[in-house]
Amino acid sequence: RKEVEQDPGPFNVPEGATVAFNCTYSNSASQSFFWYRQDCRKEPKLLMSVYSSGNEDGRFTAQLNRASQYISLLIRDSKLSDSATYLCVVIKAAGNKLTFGGGTRVLVKP
Amino acid sequence: GAGVSQTPSNKVTEKGKYVELRCDPISGHTALYWYRQSLGQGPEFLIYFQGTGAADDSGLPNDRFFAVRPEGSVSTLKIQRTERGDSAVYLCASSSLAGGAYNEQFFGPGTRLTVL
């Protein structure tokens with residue numbers, strides 16, 4: 001079993017709609033959580049950190065559920081430019097290396 | 001300012017050959033990371049440098065892989081006796097500090113390695 005698991009998708013989303021997807025992690029000692037965005041044939045870029053209280057950045061909302069060991073990302077009012085692969089990232093205790101999920105592909109269509 | 005740069009952007013080699021991949025981190029960043037991303041997968045950690053020393057090399061798959069950072073800036077990932085399974089995008093990232101708090105890792109564009 002992978003340490004960080006994601007539904008690979010693709011999630012086909014009409015422009016303007018809302019899409020949400022989760023990621024599960026297996027190590028209960030994981031300390032920090034992030035969503036990265038990766039465009040086709042480009043490098044990953046930090047989208048947002050994820051906090052237990054939940055956090056919002058514009059149209060993006062991230063949630064962390066430590067009890068069930070999953071994090072979620074919700075995108076409201078989807079734009080064509082939101083089409084990308086969204087990578088769930090976890091940092092385990094006492095470390096700085098990023099552990100990535102396999103990514104969830106989102107395709108926003110007109 | 002300049003971001004993380006990696007050279008070459010593409011490298012095609014034959015099975016059994018030796019390759020070197022270079023990473024120039026953001027100026028002043030003390031922490032440097034190498035990851036490998038296979039097609040359709042997320043990046044996988046290889047090695048992490050704090051300054052000149054390898055603080056964590058637990059992700060290196062075997063002894064054919066080696067990385068150095070002799071002056072605490074540029075790093076070179078070296079792969080001996082390449083195999084077809086080594087084909088992937090090799091990503092380098094750097095961050096300003098490492099330690100208790102997380103500091104964002106900024107990724108370079110990667111080197112796409114193809115082993116024929």
List the number of the failed condition for A:Cys88; all other conditions in (1) open to solvent by less than 30 Å² (accessible area, probe 1.4 Å); (2) over 17 Å from A:Thr24 (Cα atoms); (3) within 14 Å of chain B (Cβ to nearest Cβ); (4) not aliphatic (A, V, I, L, M) hold. (2)
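Taking only the stretch A:19-48 into account, find how many residues are polar (S, T, N, Q) and open to solvent by less than 30 Å² (accessible area, probe 1.4 Å).
Total meeting the criteria: 2.
Here's the yes/no breakdown for (1) of a type outside the set (A, V, I, L, M); (2) touching a Gly at 6+ places or on another chain (Cβ under 8 Å); (3) open to solvent by 20 Å² or more (accessible area, probe 1.4 Å); (4) over 27 Å from A:Gly102 (Cα atoms):
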{"residue": "B:Ser27", "(1), (2), (3), (4)": "yes, yes, yes, yes"}
{"residue": "B:Leu32", "(1), (2), (3), (4)": "no, no, no, no"}
{"residue": "B:Ser38", "(1), (2), (3), (4)": "yes, no, yes, no"}
{"residue": "B:Asn62", "(1), (2), (3), (4)": "yes, no, yes, no"}
{"residue": "B:Phe65", "(1), (2), (3), (4)": "yes, no, no, no"}
{"residue": "B:Val74", "(1), (2), (3), (4)": "no, no, yes, yes"}
{"residue": "B:Leu77", "(1), (2), (3), (4)": "no, no, no, no"}
Name the strands (runs of 3 or more DSSP E) wholly within the stretch A:1-60 that hold at least 3 residues that are away from chain B (no Cβ under 11 Å) and touching an Asp or Glu at 6+ places or on another chain (Cβ under 7 Å)? A:19-25
Can you name the number of the only condition in (1) in contact (Cβ under 8 Å) with a residue 24 or more places away in the chain; (2) closer than 15 Å to A:Phe100 by Cα that A:Thr18 fails? (2)
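Name the single residue that is farthest from B:Ala2 (Cα to Cα) among those in the stretch B:23-44 being aliphatic (A, V, I, L, M) and more than 8 Å from chain A (Cβ to nearest Cβ).
Among them, the one singled out is B:Leu39.
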Output the residues belonging to the stretch A:61-71 that are touching a strand residue (DSSP E or B) at 6+ places or on another chain (Cβ under 9 Å) and either within 14 Å of chain B (Cβ to nearest Cβ) or over 14 Å from A:Asp82 (Cα atoms) (or both). A:Ala62, A:Gln63, A:Leu64, A:Asn65, A:Ser68, A:Gln69, A:Tyr70, A:Ile71
B:Glu20 passes all but one of the listed conditions (1) under 12 Å from the mean Cα position of the chain (by Cα); (2) open to solvent by 70 Å² or more (accessible area, probe 1.4 Å); (3) within 14 Å of chain A (Cβ to nearest Cβ); the exception is number (3)
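The values are calculated or read from the model by the stated rules, or taken from the named source; none is laboratory data. This structure is a prediction, so every number in the text was calculated from the model and none was measured. Positions of Cβ are generated from backbone atoms using ideal geometry, with glycine treated the same way; all protein chains shown enter the neighbour counts. Quick note on the areas: whole protein, heavy atoms, side chains included, nothing else; ligands and nucleic acids left out. Shrake-Rupley method; radii C 1.70, N 1.55, O 1.52, S 1.80 Å.
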